[in-house]
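The values are calculated or read from the model by the stated rules, or taken from the named source; none is laboratory data. Quick caveat, the model's predicted, so the values are computed rather than measured. Note that each Cβ is placed from the backbone with ideal geometry, even for glycine, and that neighbours are counted across all protein chains shown.
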C-alpha cells in the first residue's frame, strides 16, 4: 500500500513527528491517524449519547405540558398585545 504525501507541510510534519517519537515515518503517521480517529469516534459517541439523552428527556416530560397550538388571543395575552393593553377599544 502507498500513501503519497504531496505537500511540503505534510512532509515536514511527518518527518518532525518521526524524529520526535523515534518511530519510522510510517509508524508515526499510522499512530497519529489512529489517535485522531479514536478522539473523533469518542466525540461522535458522546454527541450521539447526548442526543439520545435529550430525546429521552423530552419524551419523559412531554405529557406534563399543554402542547396544543396557541390561539392568537392566548399569544396576545401572553405578550401584552391585547387590544385593551394597546389602547384600542373593541
Check segment 35-56 and report whether any residue there is assigned to a helix (DSSP H, G or I), at pLDDT 90 or above and more than 21 Å from the chain's Cα centre (by Cα). no
Output for segment 18-67, where each listed residue is under 21 Å from residue 1 (Cα atoms), surrounded by 11 or more Cβ atoms within 10 Å (Cβ to Cβ) and in contact with a helix residue (DSSP H, G or I) (Cβ under 9 Å, 6 or more places away or on another chain): 18, 23, 25, 26, 27, 28, 29, 31, 32
